Every structure is written in structure tokens, then in C-alpha cells.
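The block underneath contains the structure these notes are about, expressed in C-alpha cells.
Values in this text are rule-based calculations from the coordinates and carry no lab data. Everything numeric here is computed off the predicted structure, so don't read it as measured data. A quick note on method: Cβ atoms are made from the backbone with ideal geometry, for glycine too, and the neighbour counts reach across all protein chains shown.
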Amino acid sequence: MPELPEVETTRRGLVPALAGRPVVMVEVLHPRMLRRQPDPADFAARLHGRTVGELRRRGKFMLIEVGECLTWVIHLGMSGRMSITGRGAPEHPHTRVVVRTDACDEVRMVDPRTFGFTAVFTPEELAASSIARLGPDALTDLPTARELASMAAGRRVAIKTLLLDQRYLAGLGNIYTDEVLFQAGVAGDRPAGSLGLAELEGIRTAIGQVLADGLEHGGTSLDDLAYLLPDGRAGRHLQYLSVYGREGKACRRCGAPIVRGRINGRSSYRCPACQD
């Protein structure tokens, strides 16, 4: 699933094509993409003719102001991405939604597995959505170590599972959580409540550094190229990952082989020598 660096770099890439532009055409090519829209017929009607305002992000959601207190919401799901192309350019076979501005740029939502979604919400609908239940944003509103300690106190759930829970901290996914725990020297299967304040401070520091590095490199495009930047380029962060996807390879820090396991059903990578 595209994570915070991928979503944030996508948001930044969309700004030049959308901000300040009126929407002149909306086409929905797969109805499943509107499954979170209270009335699917409202989606195109609420977008058409609106001038796009601020483009924001919270966790893995893009939130785009489109006038009259309406918010255009985009979630990329497991395999979704946004593409910016000129009108008439060949369409990717998994293009699901097309939005055109007056500048003739087309913003296309491409999603082979249709796990992503889009909607245009009123304030009341936004308040009733899962977005309202998100925890603080991992990049812009990172909790203090003591706040993390309060979240973890008494919890027997694995620290990796807690970090992935968007109700506690919004934006981290499987790739960056493994990288954070490696940088902090903490095994992902440790019970969250067993971590001391110093260890949580290390996790907090690692979150900031790992996300900053991911953003600098444009996110992580894996070999399947499911995630690409809006201009079609691949994110470069794959080559900088320390543990994720590196099973059997030498740890960049100590040389021990990286191992792969499962935590709460999720593939997890760690260095057995560096993380305890």
C-alpha cells in the first residue's frame, strides 16, 4: 500500500496540475472507485466546474479543497497511483477515474486492483468518515516519546502492529515501519508495552529520519512499479532500504543476514543482530 512518502510526493506532484484550476470534465470508468461516496451520482456533480484549492495530506489520504466546503478525497489503496498527462494521450488499461482541468491536463487515477477509492465529501460526510478517526500524522504531527509511551502502555500487541495502526499514528505502512524499527534497533515483535522511554525516543527519531529520506528519494517503487510519481518516474528509495525486501542479504550495518518473518500476518524484515 502506498505509504506516507509516496502519498506526499504524489500530492506535491499534483499541485502544479490542479491548484487554482477549474475542473471541466470528470469521467468515472470503474464504479467501485466510488464505493465510499454516499451517493455515487454526486461525485462528478460536486467536482465539475469547481476551482481546486489547497491540496493537503493526512496519513495516506490526499485531501483537496474544491470550493463550497467540499473536500475531494483520494486514497491509493494497494496498487493505486495518480498520473498527469495531456489530453488525448494513450490511456493506461487500468485507468479508473479521469479529471480534466481547463489547462487540458488530465489527472488520471490508475488502480489495477481497485483497492483505492475517491470521493467528494461535505463537512458532515468527512466528519463521519474513517479520516476523522485517524491518529496524529507521522510527518507533521509526530507525538512525543512520552505520548508514544502512553499509547503503548500496557499493550501486549507487537510494537510493529501498533505503529501500523492508523488510529494511533497515521501514515506509516509496512515498508517504512520495518525501516524505522531497524534504525531504532528494536525488534518488531516486541510487546509495545515492554519498550522503555529511551527506546520509544529512538523510534520517534527514526520515524522522522526514515520519512524524510523516503521523501527525498521520491518514495519507494518496488519491482512491480505499482507506485510511480505522477510524471511517470519511479521513486528511488528502494536502493536505500536497510532491511525491507532484503532477506538473506548482508545487513548494511553489521553484515549479518537479514531475516524475514511475519508479524500479525504481515511480512516483516529485520536484522537479528542489530534489533532486540
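Sorted from fewest to most neighbouring beta carbons within 10 Å, what does the list 176, 244 look like?
Values: 176 28, 244 23.
Fewest-to-most ranking of 176, 244: 244, 176.
What FRET efficiency comes out for residue 247 versus residue 128 if R0 is 41 angstrom and r is the Cβ-Cβ distance? Round to the nearest 0.05. Spell out each step's value before the answer.
Details: r = 42 Å, r/R0 = 1.02.
The value I calculate is 0.45.
Extension gain residue 209-residue 165, at 0.36 nm per residue separation less the Cα-Cα distance, in nm?
Numbers: separation 44, 0.36 × 44 = 15.84 nm, distance 1.98 nm.
Computed gain between residue 209 and residue 165 is 13.9 nm.
Under a plain spin-label model, where a point goes 7 Å from the Cα along Cα-to-Cβ, how far apart in nm are residue 32 and residue 223?
Each label point is offset 7 Å from its Cα along the Cβ direction, giving 2.5 nm.
Going by how many other Cβ atoms sit within 10 Å of their own, how do 213, 276 line up, fewest first?
Details: 213 16, 276 9.
Ascending number of Cβ neighbours within 10 Å: 276, 213.
Between residue 92 and residue 144, what FRET efficiency comes out of the Förster formula 1/(1 + (r/R0)^6) with R0 = 35 Å and r the beta carbon distance, rounded to 0.05? Write out the running numbers ahead of the final one.
Numbers: r = 43 Å, r/R0 = 1.23.
Efficiency for this residue pair is about 0.25.
Which distance in Å, rounded to a whole number, links the C-alpha centroids of segment 187-240 and segment 1-39?
23
What is the spin-label model distance, in nm, from residue 104 to residue 25 if the labels are put 7 Å beyond Cα along the C-beta direction?
For the pair residue 104/residue 25, the computed spacing is 1.1 nm.
Give the share of C-alpha pairs in each 10 angstrom bin for segment 4-133, from 0 to the last occupied bin, in whole percents, shortest bins first.
13, 49, 36, 2
Around residue 71, what is the net charge, scoring Lys/Arg as +1 and Asp/Glu as -1 over all other residues with Cβ under 15 Å from its Cβ? Each step should come with its number before you reach the end.
On the way: positive: 11, 36, 46, 50, 56, 57, 58; negative: 42, 54, 65, 68, 124, 125.
In short, +1.
State, as an integer percentage, the relative contact order of the chain based on alpha-carbon contacts under 8 Å between residues 6 or more apart. All intermediate terms of the calculation are to be shown ahead of the outcome.
Values: 576 pairs, mean separation 52.9, N = 276.
19 percent.
Ranked by Cβ crowding within 10 angstrom, fewest neighbours first, how are 61, 182 ordered? Before the final figure, lay out the partial values.
Numbers: 61 21, 182 26.
Taking fewest neighbouring Cβ atoms as first place, the list is 61, 182.
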